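S.K.: Supplied in structure tokens, the structure appears directly below.
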Amino acid sequence: MKQHRVKLKITLWLTLLLLVLAGVLLGFMLSVSQTVVSRSARAQLSSTVTANAALVSLMEDGRVQTQPGFSYNSHGVSTLIYSKNQALLAGQLPQSFESQVPFEAGSLRQVEGTEYLLLDLWVPSGWEEGLWVRGLLELPEAGQTTKNLLIVALIALPSFFFLAVLGCWLTLRRAFRPLDQIQETAAAIGEAKDLSRRIGLGPGKDEFTRLAESFDQLFSRLERSFEAETQFAADASHELRTPVSIIRGACEYGLKYDESPEERRETLEMIHRQTEKMSALISALLTMTRLEQGTEQPKLSRVNLGQLAAAAARELPKDLRPAFEELDPEVFVLADPALLTRAIRNLLENARAYGKPEGHVWLSVGVRAGSAFVRVRDDGIGIAPEQQERIFQRFYQVAPERSQASGSTGLGLAMVQQILRLHGGEVLLESQLGVGSTFTLCLKAL
Ligand code: ADP
């Protein structure tokens with residue numbers, strides 16, 4: 001019952017409102033019907049008596065003469081004819097009417113203490129003589145009208161109420177169904193910790209559908225965030241294990257044995273390298289996690305791609321800088337300068353790290369078929385075709401020993417790909433083992 005509380009409340013309120021409304025309406029109808037009945041009775045009496053008075057006359061011999069059309073009893077109106085001295089000449093008094101009511105020409109009134117309406121008209125005959133025409137009409141009993149109305153109300157209202165309340169309840173149940181679905185899904189997610197569940201109300205424009213849509217988006221964001229966090233924790237704990245155990249081993253060895261100053265220096269250098277690697281790994285992982293979670297959104301602006309690539313190259317030590325193959329100064333893209341610089345730097349560093357001794361690296365920026373590109377080409381060791389897809393996976397390294405030495409993390413290309421995806425672009429790779437590799441970042445040119 002608890003979960004139906006709002007629906008129940010609304011239905012009860014509506015029922016109460018209907019009851020009050022019906023009461024007010026009934027009272028109004030009763031008073032209106034009384035007025036209408038009384039008005040139509042008065043009109044009836046007046047028209048009948050006036051018509052009859054026009055059709056009656058007093059003869060010279062004192063007899064009453066009526067013309068065709070005259071009626072003593074018509075539409076409930078009893079017409080009586082009295083002499084000037086108020087003696088009944090013709091017509092019959094209704095049985096229930098006993099009072100001796102004085103005559104009053106032209107005044108339509110209710111006889112005191114009775115339910116009778118009365119109208120007297122004087123029909124003159126010559127200067128002195130004349131007749132009284134009196135009309136009597138019994139008002140329909142007020143109680144009867146009320147009774148009739150109440151009977152109708154008693155029969156009609158319960159069924160009307162039942163239908164109204166049922167209709168209200170069903171409509172509310174239907175309208176609130178999405179809310180129940182939202183609550184069920186949220187509860188299921190909470191209980192089963194299954195963030196992949198969605199409300200899935202489908203298309204619609206009402207408030208609940210929009211609410212469900214927002215909740216689904218929220219669940220998606222939560223799921224993404226939760227997955228990224230889990231991935232971060234798993235990756236960090238897995239990848240930090242090796243450098244940590246190397247550092248621990250080196251420390252234990254150093255504490256146990258007396259190392260020569262050269263050996264100690266070597267140990268310290270090794271520990272330093274490992275901590276550098278750990279810090280690079282954590283920083284890269286954090287950036288990727290934030291980008292995945294959406295907590296770090298790219299700050300897009302109009303960027304001159306040539307200038308940005310040249311600046312990224314200039315940040316490298318002199319001997320690692322690339323040669324410019326093609327540099328179009330008029331290429332503009334919508335990008336986050338910091339993220340794009342990071343992607344280009346990763347590629348340039350890789351080109352050096354996996355290059356041959358005395359090898360070359362070339363950098364190009366241009367536009368081809370509406371697409372802006374940054375190309376990093378090297379004549380290094382190259383990548384075998386079966387490895388070319390896998391090197392974009394997190395932590396994948398073709399030759400870990402070589403990467404280990406360079407202090408790399410295996411996250412560089414995964415991050416490049418993620419950055420390009422966030423910009424709506426892509427990374428292309430062409431490579432031949434032993435010949436060299438070409439990485440191309442493609443973005444929509446402005
Ligand atoms: P890492 O930190 O190991 O460089 P990356 O994700 O940047 O990680 O690269 C993944 C792997 O791809 C590298 O370990 C390397 O084996 C290979 N790789 C990347 N760039 C090149 C390149 N220019 N030439 C040859 N191999 C490359």
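S.K.: Tell me, what is the percent relative contact order of the range 230-324, built from C-alpha pairs under 8 Å that lie six or more residues apart?
M.R.: In percent, rounded to a whole number, it is 29.
S.K.: With everything on Cα atoms, drop me the angle between helix 207-256 and the longest principal axis of the chain, reported from 0 to 90° to the nearest 10.
M.R.: The two axes meet at around 20 degrees.
S.K.: Using the Karplus equation 6.51 cos²θ - 1.76 cosθ + 1.60 (θ = phi - 60°), what ³J(HN,Hα) coupling, rounded to whole Hz, does each residue of the range 51-64 give in order, writing x for Gly and Pro?
M.R.: After applying 6.51 cos²θ - 1.76 cosθ + 1.60, I find 5, 5, 4, 6, 10, 10, 8, 9, 6, 5, 7, x, 8, 9 Hz.
S.K.: Let me ask something else. Of 266, 292, which has the most accessible area with a 1.4 Å probe, and how do the rest follow in descending order? Present the calculation step by step, with values, prior to reporting the outcome.
M.R.: On the way: 266 125, 292 65 Å².
Order by accessible area, largest first: 266, 292.
S.K.: Now for a different question. Check residue 361: other-chain or 5+ apart residues with amide H under 5 Å from its amide H, H built from backbone geometry?
M.R.: Residues meeting the criterion, in which the H sits 1.01 Å from N, are 323.
S.K.: Can I ask one more? Return the carbon/sulfur percentage of the accessible area of the range 296-383, one whole number, probe 1.4 Å, all protein chains in place.
M.R.: Result for the range 296-383: 54 percent of the exposed heavy-atom area is carbon or sulfur.
S.K.: Output the 0 to 90 degree angle, nearest 10, between the alpha-carbon long axis of helix 261-293 and the longest principal axis computed from the alpha carbons of the chain.
M.R.: 20
S.K.: While we're on this one: Could you state the number of Å between the C-alpha centres of the range 157-188 and the range 200-245?
M.R.: Computed from Cα coordinates, the inter-centre distance equals 33 Å.
S.K.: Still on this structure, please answer the following. Report in % the part of the accessible area of the range 155-234 that belongs to carbon and sulfur, leaving out ligands and nucleic acids; probe 1.4 Å.
M.R.: Numbers: 3380 of 5490 Å².
Here carbon and sulfur together make up 61 percent of the probe-accessible area.
S.K.: Counting only Cα, what are the radius of gyration and maximum Cα-Cα distance Dmax of the chain, in Å?
M.R.: Cα radius of gyration and Dmax of the chain are 51.9, 166 Å respectively.
S.K.: Which value, in Å², gives the accessible area per residue of the chain when a 1.4 Å probe is used on the protein heavy atoms?
M.R.: Ligands and nucleic acids excluded, the result is 61 Å² per residue.
S.K.: Give me the aspartates and glutamates in straight-line cross-link reach of residue 299: C-alpha distance below 12 Å, same-chain residues under 8 apart excluded.
M.R.: 336
S.K.: Can you sort 59, 415 by solvent-accessible area, 1.4 Å probe, largest first? Each step should come with its number before you reach the end.
M.R.: Numbers: 59 65, 415 5 Å².
From most exposed to least exposed: 59, 415.
S.K.: Same structure again: Could you derive backbone 3J(HN,Hα) for the range 18-28 from the dihedral phi with the Karplus parameters 6.51, -1.76 and 1.60 (θ = phi - 60°), listing whole Hz in sequence and x where the residue is Gly or Pro?
M.R.: Along the range 18-28, the couplings run 4, 4, 4, 4, 5, x, 4, 5, 5, x, 4 Hz.
S.K.: For the range 297-351, what does the alpha-carbon gyration tensor say about shape, rounded, prolate or oblate, given a ≥ b ≥ c as the root eigenvalues, a/c under 1.5 as rounded, and a/b over b/c as prolate?
M.R.: oblate
S.K.: Whole-Hz ³J(HN,Hα) for each residue in the range 371-387, computed from phi via Karplus 6.51 cos²θ - 1.76 cosθ + 1.60 with θ = phi - 60°, x for glycine and proline: what do you get?
M.R.: Working through the residues one at a time gives 10, 7, 9, 10, 10, 10, 10, 9, 10, x, 6, x, 10, 5, x, 5, 9 Hz.
S.K.: I've got another one for you. Provide the solvent-accessible area of residue 160, counting protein heavy atoms only and rolling a 1.4 Å probe, rounded to the nearest 10 Å².
M.R.: 100
S.K.: Please work out how much accessible surface residue 272 shows to a 1.4 Å probe, ignoring ligands, DNA and RNA, in Å² rounded to 10.
M.R.: 110
S.K.: With +1 on each Lys and Arg Cβ and -1 on each Asp and Glu Cβ, how big is the dipole of the range 289-446 about its Cα centre, in debye rounded to the nearest 20?
M.R.: In debye, rounded to 20, the range 289-446 gives about 340.
S.K.: Ordering 116, 72 by accessible area with a probe of 1.4 Å, largest first, what comes out?
M.R.: Largest to smallest exposure gives the sequence 72, 116.
S.K.: Roughly how many debye, to the nearest 20, is the charge dipole of the range 61-210 about its Cα centre, given +1 on each Lys and Arg Cβ, -1 on each Asp and Glu Cβ, and no other charges?
M.R.: Dipole about the Cα centre, nearest 20: 1160 debye.
S.K.: What residues qualify as long-range amide H neighbours of residue 116, i.e. H under 5 Å apart, gap of 5 or more or another chain, H built at 1.01 Å from N?
M.R.: 111, 139
S.K.: Mind ranking 347-356, 177-186 by how tightly packed they are, going by the mean number of other C-beta atoms within 10 angstrom, highest first? Could you put the intermediate results ahead of the total?
M.R.: Working: 347-356: 20.5, 177-186: 15.4.
Top of the packing list down: 347-356, 177-186.
S.K.: Just the ratio, please: alpha-carbon radius of gyration of the range 315-446 over 2.2 N^0.38 Å, N its number of residues.
M.R.: Here the answer is 1.01, to two decimals.
S.K.: Take the alpha-carbon centre of the range 282-313, take the same for the range 9-57, and report the distance between them in whole Å.
M.R.: The range 282-313 and the range 9-57 have Cα centres separated by 82 Å.
S.K.: If you don't mind, another one. So which lysines pass the test for residue 9, namely a Cα distance under 20 Å, with those fewer than 8 places away in the same chain ruled out?
M.R.: Partners found: none.
S.K.: Suppose we look only past 26 Å in the calculated P(r) of the range 94-248. What percent of the Cα-Cα pairs does that tail hold? Intermediate results must be reported in sequence, preceding the final value.
M.R.: Details: 8195 of 11935 pairs.
When every Cα pair of the range 94-248 is considered, 69 percent fall beyond 26 Å.
S.K.: Tell me which aspartates and glutamates have Cα within less than 14 Å of residue 7's Cα, excluding those fewer than 8 residues away on the same chain?
M.R.: 180
S.K.: If Rh is defined by the Kirkwood formula over all Cα pairs and Rg also comes from Cα, what ratio Rg/Rh do you get for the range 215-322?
M.R.: Expressed as Rg/Rh, it is 1.16.
The values are calculated or read from the model by the stated rules, or taken from the named source; none is laboratory data. Treat the numbers as computed from the prediction; the structure is a model and nothing was measured. Positions of Cβ are generated from backbone atoms using ideal geometry, with glycine treated the same way; all protein chains shown enter the neighbour counts. Heavy atoms of the whole protein, side chains included, go into the accessibility calculation; ligands, DNA and RNA do not. Shrake-Rupley method; radii C 1.70, N 1.55, O 1.52, S 1.80 Å.
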